[in-house]
Amino acid sequence: MFTTDRLFLRGFEDDDADKLIALHNDAKVQRFITNEPIVPRPTKYKEELKKRAEACTLHLTLILRETGEFVGQCSIMVQEPKNRDGFFGIALHPKFWGKGYGTEASKFVVGYAFEALGVQRVSLGVFEGNKAAILLYKRL
Ligand SMILES: CC(C)(COP(=O)(O)OP(=O)(O)OC[C@H]1O[C@@H](n2cnc3c(N)ncnc32)[C@H](O)[C@@H]1OP(=O)(O)O)[C@@H](O)C(=O)NCCC(=O)NCCS
């Protein structure tokens, strides 16, 4: 497990699947993380989220140190090790938006990708209207 000033960043645990599906089922979040139609996901989608988390090179569940609350998740996927490219992803529960947690988690994860995962580039995708994410990525 890793720690930053206000967060624990730990590996995926089975109980996280319930929190993750709730996160992905929040329309405010879903619109920024998929280009598929925004629809409620069925319970079995938890299996898909679990598979994705386990397939990631680095999947981190973000926990607020002070209260133990689930804040969200952050990940790096190295698809082709020879390319040394890490694809970055992050999603936080709306309750925690705009408080600097995205910046705090992303700084750590991107730093870790360069320093410990051996990537030479971090890539990502973002939708045009996602102002908070674009500001965060530009600053990073
Ligand atoms: C994108 C996301 C990770 C940003 O995390 P966050 O904790 O909310 O962001 P921070 O508080 O660290 O702020 C990041 C920047 O966005 C700005 N910001 C925060 N909320 C904002 C909002 N609602 N509108 C515009 N700018 C906003 C902050 O001022 C900051 O910019 P600055 O560094 O120039 O001051 C988070 O909002 C989120 O999970 N959104 C839903 C999922 C998502 O969009 N994931 C990314 C997909 S590409």
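Give me the percent relative contact order of the chain, please, defined on Cα pairs under 8 angstrom at least 6 residues apart. Mind showing how you got there, number by number?
Values: 198 pairs, mean separation 31.2, N = 140.
Relative contact order of the chain: 22 percent.
Using a probe of 1.4 angstrom and keeping all protein chains present, the accessible surface of the range 57-121 works out to 50 square angstrom per residue. Split the accessible area of the chain by element, probe 1.4 Å, and carbon with sulfur accounts for 51%. Name the trypsin sites (Lys or Arg not before Pro) in the range 11-45 that are in a loop by DSSP and that have at most 12 other C-beta atoms within 10 Å, would you? Counting only loop positions with at most 12 other Cβ atoms within 10 Å, the trypsin sites (Lys or Arg not before Pro) in the range 11-45 are Lys44. Its Cα gyration tensor gives the range 2-139 an equivalent ellipsoid. The semi-axes, each the square root of 5 times an eigenvalue, are 21, 18, 17 Å from largest down.
Straight Cα distances below 21 angstrom link Lys131 to the lysines Lys28, Lys95, Lys99, Lys107, with same-chain residues fewer than 8 positions distant left out.
Normalised by 2.2 N^0.38 Å, where N counts its residues, the alpha-carbon radius of gyration of the range 1-73 equals 1.13.
Loop only by DSSP, 14 or fewer other Cβ within 10 Å of the Cβ. Give me the trypsin sites (Lys or Arg not before Pro) in the range 69-128 that pass, ordered by residue number.
Details: sites: Lys82, Arg84, Lys95, Lys99, Lys107, Arg121; in loops: Arg84, Lys99.
Those that pass, being in a loop and sparsely packed, are Arg84, Lys99.
For the range 1-42, the solvent-accessible area works out to 62 Å² per residue, with a probe of 1.4 Å and every protein chain left in place.
For the range 22-80, which GluC sites (Glu not before Pro) are both in a DSSP coil and crowded by at most 16 other Cβ atoms within 10 Å?
Working: sites: Glu47, Glu48, Glu54, Glu66, Glu69; in loops: Glu66, Glu69.
Sites meeting the loop and neighbour criteria: Glu66, Glu69.
The values are calculated or read from the model by the stated rules, or taken from the named source; none is laboratory data. Nothing here was measured: the structure is a model prediction, and the numbers come from that model. Don't worry about glycine lacking a Cβ; one is built from the backbone with ideal geometry, like all the others, and counts go over all protein chains shown. Ligands, DNA and RNA are excluded from the accessible area calculation, which covers all protein heavy atoms including side chains. Shrake-Rupley method; radii C 1.70, N 1.55, O 1.52, S 1.80 Å.
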